[in-house]
Amino acid sequence: MAEPSTTGLHAAWTFDPRPPRPDWGIALPAVKRLSTRGPIQPAPPPAEAVISLAHAQGIATPLVRPGDRVLTGQPLARDAQAAAHASVTGTVVAVESRPVPGSSHTPCVVVRREDPERFDPALRPVDPAVLTPAQIAAHISAGGIAGLGGALFPTGRKLRAGAPIRALIINGVECEPWISCDEMLLRERAAAVIRGTRIMMRALATEQAVIAVKVDMAEARVALHDALEADGSGSIGLAVVTARYPSGGERQLIELLTGEEVPAGGLPRDIGHVCQNVGTAAAVADLFDLGQPLISRIVTVTGGAIAAPGNFAVRIGTPIAALLAAAGGCRAEPARLIMGGPMMGIALADDALPVTRATNCVVAATAGELAPARLEMPCIRCGECVQACPAHLLPNELLGAVRRGDAAALDELGLAACIECGCCDHVCPSAIALTPRFVTARAAQRPPPGPGEDPS
Ligand code: SF4
Ligand code: SF4
């Protein structure tokens with residue numbers, strides 16, 4: 001563990017070739033090279049975009065009806081925290097529940113594309129320097145920006161911090177194997193990430209920010225370093241953290257950077273920090289500088305079954321099948337389609353599901369890339385899961401409480417702090433599926449996230 005300074009922040013957030021290695025987590029093989037050989041490519045806009053109205057705090061209210069004609073970037077739905085926008089020009093053909101990754105019924109607006117594309121004339125760049133912090137946060141909410149790390153927490157809400165914030169932490173750690181969208185974004189658009197960081201610092205009225213990357217992201221680190229030199233302000237630092245999984249978890253990253261732990265049941269803001277993803281920062285820059293709401297995102301398409309793995313700038317609502325086609329299609333029948341990484345991702349029922357704002361990666365895995373099924377054996381109390389747990393929990397004790405259905409013990413053992421990372425399963429010699437049990441138990445116990453909470 002690194003020594004924190006007296007302010008709780010490191011005196012210098014600069015490149016350390018041997019960043020502190022925590023005593024939690026696991027080492028995973030790096031398999032990002034498959035998708036980082038070429039630049040980010042644009043995926044063709046879909047013939048029909050299925051645009052989810054969901055974010056982590058609810059469902060935006062539709063503003064359109066079937067038959068309405070919409071322009072690219074036009075708001076389709078809005079609530080106080082976020083909005084959803086047309087990712088193509090065309091006609092609304094449905095406003096109804098559709099299956100999306102992770103949910104069988106989510107309210108969506110379906111837009112059939114019509115060429116030529118026309119952008120909403122109301123879209124204009126906005127100078128954040130003339131806005132108050134509250135106005136910046138409101139503009140970000142209206143721009144539909146929600147945590148692009150996958151949590152989809154409305155960014156505007158997270159920026160209405162209330163309490164003083166010592167530092168904004170921009171998370172580019174991307175610690176799951178396979179996923180490389182944040183790394184490629186940093187390599188190619190580091191200046192936009194810095195620009196978005198600066199806008200969010202203004203919204204939070206904080207003088208300090210740090211952008212964190214993983215030690216094995218050499219090209220991203222160099223690009224960021226050069227862009228920070230060009231920026232020249234000195235108020236944004238660059239931190240390099242261990243490649244150990246899950247160093248990119250919000251609470252784990254804060255611990256690595258500051259030596260401080262977010263209190264159980266508390267929020268990063270309780271100790272003076274707010275975390276945002278690098279993709280979110282770039283989206284904020286595009287909203288203010290280009291007038292572009294969140295209508296597309298970068299998605300990694302990878303796995304042994306994919307003909308040409310890579311990263312793609314994809315319109316929200318694009319069917320995953322079309323995205324796979326943009327990556328050359330499948331050269332072998334995938335044994336499993338996964339959205340996200342192998343540790344915390346979700347299996348996809350089929351490739352007709354649409355890309356949402358949360359879709360950071362699609363893995364089309366071959367059978368050889370999947371962990372072989374193992375027979376679950378009794379717990380031998382080896383303690384491996386305790387050692388690996390990044391939330392400092394006792395997974396073996398939690399398992400006993402789950403099996404007994406003992407809700408009080410689950411509370412006492414801190415189940416709520418589980419980040420569902422899968423480390424305990426990964427190290428368990430008895431092949432006990434701990435995390436799926438914890439996911440189910442947490443869903444039964446958990447109240448809705450509080451203000452500013454990022455479920456990631
Ligand atoms: S790693 Fe598995 S076998 Fe070992 S204590 Fe944890 S649950 Fe039991
Ligand atoms: S899934 Fe939960 S209990 Fe298991 S290692 Fe991760 S945080 Fe700990």
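The values are calculated or read from the model by the stated rules, or taken from the named source; none is laboratory data. Bear in mind the structure is a predicted one, so any value in this text is a computation, not a measurement. As a convention, Cβ positions derive from the backbone with ideal geometry for all residues, glycine included, and neighbour counts pool all protein chains shown. Surface accessibility is based on the protein's heavy atoms, side chains included, excluding ligands, DNA and RNA. Shrake-Rupley method; radii C 1.70, N 1.55, O 1.52, S 1.80 Å.
Applying the condition of being in contact with a Phe, Trp or Tyr (Cβ under 9 Å, 6 or more places away or on another chain) and either of a type in the set (Lys, Arg) or open to solvent by less than 50 Å² (accessible area, probe 1.4 Å) (or both) to the range 377-390 and asking which residue is farthest from ligand 1 (Cβ to nearest atom) yields PRO390. If you go through the range 138-158 one residue at a time, do you hit one that is part of a loop (DSSP other than H, G, I, E, B), free of Cβ contacts under 8 Å to residues at least 40 places away in the same chain and surrounded by fewer than 24 Cβ atoms within 10 Å (Cβ to Cβ)? The answer is no; no qualifying residue exists. Being within 28 Å of the chain's Cα centre (by Cα) and either part of a loop (DSSP other than H, G, I, E, B) or within 16 Å of ligand 1 (Cβ to nearest atom) (or both) holds for only one residue in ARG374, ARG357, and it is ARG357. Filtering the range 363-393 to residues that are among the basic types (Lys, Arg) and away from ligand 2 (no atom under 16 Å from the Cβ) leaves only ARG374. Taking the numbered list (1) in contact (Cβ under 8 Å) with a residue 40 or more places away in the chain; (2) within 14 Å of ligand 1 (Cβ to nearest atom) in turn, LEU393 passes all entries but (1). Among all positions in the range 301-323, there is at least one residue which is at pLDDT 95 or above, part of a helix (DSSP H, G or I) and either touching a strand residue (DSSP E or B) at 6+ places or on another chain (Cβ under 7 Å) or more than 24 Å from LEU76 (Cβ to Cβ) (or both). Under 9 Å between Cβ atoms, at least 6 apart or on separate chains: pull out the pairs that start in the range 80-105 with a residue that is at positive phi and open to solvent by 40 Å² or more (accessible area, probe 1.4 Å) and end on any residue that is modelled with pLDDT of 95 or more and polar (S, T, N, Q). These pairs meet every condition: GLY102/THR356.
Looking across the range 331-354, the residues that are more than 16 Å from ligand 2 (Cβ to nearest atom), outside any strand (DSSP E or B) and not acidic (Asp, Glu) come down to ARG331, ALA332, PRO334, ALA335, LEU348, ALA349, ALA352, LEU353. Note on the range 391-408: residues that are open to solvent by 20 Å² or more (accessible area, probe 1.4 Å) and not in a loop (DSSP other than H, G, I, E, B) amount to 8. Could you please let me know if GLU183 is open to solvent by less than 50 Å² (accessible area, probe 1.4 Å), outside the structural domain of SER52 (by TED's automatic domain parsing) and modelled with pLDDT under 95? No: the conditions fail for GLU183. If the condition is being open to solvent by less than 40 Å² (accessible area, probe 1.4 Å), under 24 Å from GLY144 (Cβ atoms) and more than 20 Å from the chain's Cα centre (by Cα), then the range 322-347 contributes only ALA326. Looking at the range 348-363, can you tell me whether even one residue there is outside the structural domain of THR318 (by TED's automatic domain parsing), charged (D, E, K, R), surrounded by 13 or more Cβ atoms within 10 Å (Cβ to Cβ) and in contact (Cβ under 8 Å) with a residue 40 or more places away in the chain? Scanning the range 348-363, I find no residue that is outside the structural domain of THR318 (by TED's automatic domain parsing), charged (D, E, K, R), surrounded by 13 or more Cβ atoms within 10 Å (Cβ to Cβ) and in contact (Cβ under 8 Å) with a residue 40 or more places away in the chain, so the answer is no.
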